[in-house]
Amino acid sequence: MGVEIAALSFFGLTGAFAVVGTVLAAWMAWRIVEKAGLPGWTGLGAILLTLTGVGTIVPLILLWVFAFMRWPRDEPASAGTFGFAPSRGAAPTTGPVALAGPSMALPDARGWLLSGTLGNGGAVSLAVGGTSGTYALTGAPGGAPTDLSVPDPSVGQPHARLLLSGRRLGLEDLGSPGGTYIDGARLLPEHGPRDISAVRAIRLGSVELALTRA
Amino acid sequence: MASLVTWMLALGSLAVAFLLVGYVLMSLILIIPTWRICTRAGFSGALSLFHLVPFVGSFIVMGMLAFSTWPAGEASPGR
């Protein structure tokens, strides 16, 4: 009887560790593939496959595929993340025109507002208007009209570049040691300009700036 | 008797050596792709050698990749 209880306890404990380990692994896989730009459920699914009859060989194959595939994170910035691509232009002039083009949405004429709190407790609010232009986010006091000053020691001089094109706003890191983050994700100079039109917050060094429409 | 003990010890050592080599070879199946994932994330590829640690090694590597900021940059969560 004692042996049976001991065996049940042992297998119960082993099973508990297996469940906890699988859940932990699935959670971590979710986060890892998300950081690479893939949907989180793909990582979760790969780990949960070990619970099915396919065993561990399929997750192993998926690990190799994930390691050597092209990650969405690495796609060139100009290929769709931002890119100041020329407009599509008018319909071709030759040949019959059967259908009219799609109606265009009214452009959002509002500007952009970056607001946050500095390390010393002061507030900073930066407004960006117009439809095109390039602005420098810098820790130095504003000099040029295109300088947007974020007077904080953690912000480089200059730190990053804001690019305005039509209704879209882009951000490019200039390699400042404090780092630039888009909704918590690190932006590096080699990433080029990234579209931040749908982003809620950016961080320059230790200064968190909320992005809203002005 | 002494020679028998010596022979058994030698056989045991050989078995352990084979087991170790086999373990390393099996670990390479995990280490090679993880090395590439680590370098693409901006970490040292040597981090993947944690796979050699039995039981918890894989969790250490996955934890590092999952819960730390990737030096080479991460995709935005909403993309």
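Numbers at a glance
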item: Residue list for the range A:28-40, restricted to those being farther than 16 Å from B:T34 by Cα and in a loop (DSSP other than H, G, I, E, B); result: A:G37, A:L38, A:P39
item: A:E208, sole failed condition from (1) in contact (Cβ under 8 Å) with a residue 40 or more places away in the chain; (2) touching a Phe, Trp or Tyr at 6+ places or on another chain (Cβ under 8 Å); (3) acidic (D, E); result: (2)
item: Residue in the range A:147-167 that is nearest to A:R213 (Cα to Cα), counting only those that are modelled with pLDDT under 85 and surrounded by fewer than 18 Cβ atoms within 10 Å (Cβ to Cβ); result: A:R167
item: Counted residues, the range A:21-46 - those being surrounded by 16 or more Cβ atoms within 10 Å (Cβ to Cβ) and over 12 Å from B:M62 (Cα atoms); result: 9
item: Breaking point among (1) crowded, with 17+ Cβ neighbours inside 10 Å; (2) out of contact with any Lys or Arg (no Cβ under 7 Å at 6 or more places or on another chain), for A:L171; result: (2)
item: Selected residue [in contact with an Asp or Glu (Cβ under 7 Å, 6 or more places away or on another chain), within 29 Å of B:F67 (Cα to Cα) and crowded, with 18+ Cβ neighbours inside 10 Å] from A:R194, A:R200, A:R186; result: A:R186
item: Residue list for the range B:42-62, filter: under 20 Å from A:R73 (Cα atoms) and at the interface with chain A (Cβ under 7 Å from one of its Cβ atoms); result: B:M62
item: Within the range A:153-193, strands (runs of 3 or more DSSP E) holding 2 or more residues that are within 14 Å of chain B (Cβ to nearest Cβ) and among the acidic types (D, E); result: A:168-173
item: Criterion (touching a Lys or Arg at 6+ places or on another chain (Cβ under 9 Å) and within 14 Å of chain A (Cβ to nearest Cβ)) met by exactly one of B:T69, B:T34; result: B:T69
item: Residue within the range A:181-199 that is farther than 22 Å from A:E34 by Cβ and modelled with pLDDT of 90 or more present; result: no
item: Residue within the range B:65-78 that is modelled with pLDDT under 95 and more than 18 Å from A:I32 (Cβ to Cβ) present; result: no
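Here is a yes/no grid of residues against (1) within 10 Å of chain B (Cβ to nearest Cβ); (2) in contact with a His (Cβ under 6 Å, 6 or more places away or on another chain); (3) assigned to a helix (DSSP H, G or I); (4) not small (G, A, S):
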| position | (1), (2), (3), (4) |
| --- | --- |
| A:L24 | yes, no, yes, yes |
| A:T42 | no, no, yes, yes |
| A:I47 | yes, no, yes, yes |
| A:V54 | no, no, no, yes |
| A:L62 | yes, no, yes, yes |
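The values are calculated or read from the model by the stated rules, or taken from the named source; none is laboratory data. Treat the numbers as computed from the prediction; the structure is a model and nothing was measured. Cβ: placed from backbone, ideal geometry, glycine included. Neighbour counts: every protein chain shown.
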